[in-house]
1. Taking a label point 7 Å from the Cα of residue 43 along the Cα→Cβ vector, which residues of segment 57-79 have an amide N closer than 15 Å to it?
2. May I ask for the net charge around residue 29, where only other residues with Cβ less than 12 Å from the Cβ of residue 29 are counted and Lys, Arg are +1 while Asp, Glu are -1?
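Just so you know, all these numbers are worked out from the coordinates, no wet-lab data involved. Note that the structure is a prediction, hence the values are computed from the model and not measured. Reconstructed Cβ throughout: ideal geometry from the backbone, glycine too, with neighbour counts over all protein chains shown.
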Amino acid sequence: MPLASPPLARPAAAFSRTRWPSRNAWRRAAREWARTDGQTWAFIAKALLAAALALWLAYRLELPQPSTVLVTVFIVRSRRVARCWPRVSIASLAAWPA
């Protein structure tokens, strides 16, 4: 039984070069990502940073229950609560005794 011969090599023209998207396409994609998922990831990063700093401060001040600081941070960082802060501050200023 004869040995099988190796497959013939393809000519170089058969392999097309993959073209990368242009810089403008990358910029458009980055802007689109920043408008959608980028805002979500920025919110998550800021919330985690705030939680880490608050927990560090709670341990540094030797508070009796530092875990409550994390709950407080995530309640304050909530998007629903954040919408109420301007109203609360205006109401508290209006009720402030002169």
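1. Output list for this probe position: 74-79.
2. Taking every Cβ under 12 Å from that of residue 29, the sum is +3.
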